[in-house]
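For reference, the structure discussed in these notes is given below.
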Amino acid sequence: MIPRKALRCYLWPIAPTVLLALLAAPGMRAYGQPFIAQNPGPGSMTIGGKWQFHLGDSLNWSNPSVDDSNWEQLNADDRWGDQTHPGYTGFAWYRKHIHLGGGAGRMAVLIPPVQDAYEVYWNGRKIGECGKLPPHGWWWRNPRGVVYGLGAAPLDGVLALRVWKAPLESGESLWRGGLRAAPLIGSPAVLTMRPTLTQMKVEDIMLPRFVFAGALFITGIIALLLYMRERSNLVYLWLGLLLVANFLWCMQGLNLVTFGLTNFAYVFQDGLVLTLQDISLWMLLLTLFGFQRRPVWKRWTVALVAVYLSARAVDLTLKAFWESAGTGMQAGDILATAIAALTPIYLLVIVSVGVRKRTSRALLPLALTTAIYGSYNIVVNASSVGIRYTHFVLPWYQLNPAIPLGPYVFGIPAILNTMLFLVLVFTVAREQARERRRQMHIEREMASAHEVQDVLIPADLPAIPGFAISSVYKPAAEVGGDFYQVIPLGGLEDKSRALILLGDVSGKGLKAAMTVALIVGTVRALAEFTDDPAEILTRLNQRLLGRTRGGFATCIALRMEPGGRAVIANAGHLAPFHAGREIDLSGSLPLGLAANEQYESITMQLRAGETLTLLTDGVLEARGPKGELYGYERLSTLMQAQPTVQQIVDAACSFGQDDDITVLSVALMANTESSDARLELSAQIAGQ
């Protein structure tokens, strides 16, 4: 038996050790694995090891005296979904006991990005937050690490994080939630610099992407400026919008436009960029392939754009209330996202049909590049829909194969966007050059047609003794389809009679000008053999059959004789006005429609000072700002005042010219006027 005095001698040396162990044991039970270290001074260190973790929510868990020995332990450098709680959303707490020895000095903790919002507590006192916890919660889409002050060293206490994970979106995997990296502790100045340095490294590595984004923006603005100059050229509009959208997409990858955005703001911005990208690319390809004016393509495009925009709008509406998203809202999110992800298949339809129907192979490089670009995006977007349910992630999508070039990395999206940009700009430049050559050819043809028209619409009318002739011609386009001729009859010695024709050819442009040339040439040839207006129209009709390519011409012909006698024949044209009233003529078909059409003539007598006025339907078809026609009623009221030809043209133009306008008047001069003053002539081509 050991004497008591000897036993006391043996136990006394180990008593402090046993006492420390007994004191430490409760702490170990309460705090798990504490973080014990010396003051890092001007540096920082990672708060490593296991953290106490508990699902649910209680503000009492911020109290350092809470016994968390029964809590589970998780690594702070990985999300809780990757460890023990896949698919969990809602509240959870992290706790870590920290003992930091050493000299005095202000200390801080850097909390890295957390999914999705959190509050930080030090020894039960709230020292900061990132985002906002429910109710009325919101969270940053791409948060950076935030530094929170702890006080002066030495430190001894519990650091607690109250974390809230929003309901999973359709494209989110189950492996989400909570901390993604372990917090740091150390000097506030050093910790404050860390997020900035990290962002600078990322931006430095992505410098080529920034340069590429600048090129996209500049080219897009140039395209939009070109569209402002040429509003009819929609290729510039769609190309400009697409390039600007791709510029915004690149900036999203640099976090320059997404940092500081809440989740809802990011969803809105991202949806806007994707919508602009998709729709502008569709419209650009439709325009390049020549489908934009076809009714079938118009209907399908409008329908798909409506479905696409509706899906985006539904998704955006759901995200506005995503904090409380239940099963129904999550199902709606999957449906809307799936529609928005699969609708761009329309891009492949445009390309495949365009390649098959387009005779020119100039668009094949664009078609191939667009097909690859569109297929990649469709597969990527579609594969992300419903990941939370399918748990299927394409390996190449997860790894994102890339081409390293020195310190820079070029991923598949960047490579495809660069290829599409280069091919688009090249294709549009080539198509515009071809279009410019076609336009120059058309302008040369129009110039030739204008020269022909100068011959067909005489600027100087021949003098007819005893008559005053006035005319005004105002085309709606550069080359119109109206015509008139005044042909003296009776040879060189006697020009007291005249054949007058006024008409309108269906259509516009060079085709109409050529038809007018045929009519005028035929009439002048026929006038050598006959002066009967009805016979001239009958033969002219036979000459035009099969030569107007589905068109026709209306014409009125009259022969003016000394003393005011007029013989009039009409081929489907407006009847002349005499003394403010329309002359009653029998109905007849226009020229060039029926082979056996026979035209009849009537005879009337003009008195001295009376006027016979001929006009084309451009006066009747003048259209007001609300779409109403000038019409017979307004014309009859106007003609009762017996206006001049210029007043008639001005009235129609002020109402709203929509077609060529030609007005010609023939007045019998009074007997008191000298016969050698043969003509009071006024011939005008308006706008010339």
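The table that follows gives values for the structure above.
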item: Under 5 Å, built H, 5+ apart or other chain: amide partners of Val619; result: Thr662
item: Convex hull per residue volume in Å³, alpha carbons only, for the range 72-215; result: 140
item: Semi-axis lengths (Å, descending) of the ellipsoid that matches the C-alpha gyration tensor of the range 255-341; result: 30, 17, 7
item: Sequence-distant residues sharing a close amide H with Gly260 (under 5 Å, placed H); result: Asn142
item: Long-range amide H partners of Ala498 with built H, under 5 Å; result: Leu489, Met560
item: For the range 271-277, 3J(HN,Hα) per residue [Karplus equation, 6.51 cos²θ - 1.76 cosθ + 1.60, θ = phi - 60°, Hz, x = Gly/Pro]; result: x, 5, 5, 5, 4, 5, 4
item: Highest average packing first - 56-63, 556-563, Cβ atoms within 10 Å; result: 556-563, 56-63
item: From phi via Karplus (6.51, -1.76, 1.60), per-residue ³J(HN,Hα) for the range 87-93 in Hz, x at Gly/Pro; result: x, 6, 10, x, 8, 7, 10
item: Euclidean distance between Cα centres, the range 632-648 to the range 133-191, Å; result: 83
item: Along principal axes, Cα extents of the range 525-616, largest first, whole Å; result: 43, 28, 17
item: Partners for Lys508 among lysines (Cα-Cα distance below 16 Å; same-chain residues under 8 apart left out); result: Lys474
item: Relative intensity, log₁₀ I(q)/I(0), of the range 147-279 from a Debye sum that treats every alpha carbon as a point, q = 0.12, 0.20, 0.22 Å⁻¹; result: -0.72, -1.25, -1.32
item: Accessible solvent surface per residue of the range 526-614, calculated while the other protein chains remain in place, 1.4 angstrom probe, Å²; result: 47
item: J(HN,Hα) series, the range 410-419, from Karplus relation 6.51 cos²θ - 1.76 cosθ + 1.60, nearest Hz, glycine and proline x; result: 10, x, 4, x, 5, 5, 5, 5, 5, 4
item: Packing-based ranking, highest mean first, of 33-43, 295-305, 569-579, 659-669 given that Cβ atoms within 10 Å are counted; result: 659-669, 569-579, 33-43, 295-305
item: Descending principal axes extents, the range 59-136, alpha-carbon based, whole Å; result: 44, 30, 24
item: Pairs from Lys165/Lys319; Lys132/Lys165; Lys50/Lys132 whose Cα-Cα separation, in the structure shown, is over 19 Å; result: Lys50/Lys132
item: Alpha-carbon centroids, the range 506-533 and the range 63-124: separation in whole Å; result: 95
item: Over the range 287-351, relative contact order from alpha-carbon pairs under 8 Å, at least 6 apart, %; result: 34
item: Relative contact order of the range 247-362, pairs being alpha-carbon contacts under 8 Å that are 6 or more residues apart, as %; result: 29
item: Debye intensity ratio in log₁₀ form over the Cα atoms of the range 492-650, taken at each q of 0.11 Å⁻¹; result: -0.48
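The values are calculated or read from the model by the stated rules, or taken from the named source; none is laboratory data. Note that the coordinates shown come from a computational prediction; the quantities given were computed from them, not determined experimentally. Cβ coordinates were reconstructed from backbone atoms using ideal geometry, including for glycine residues, and neighbour counts include every protein chain displayed. Surface accessibility is based on the protein's heavy atoms, side chains included, excluding ligands, DNA and RNA. Shrake-Rupley method; radii C 1.70, N 1.55, O 1.52, S 1.80 Å.
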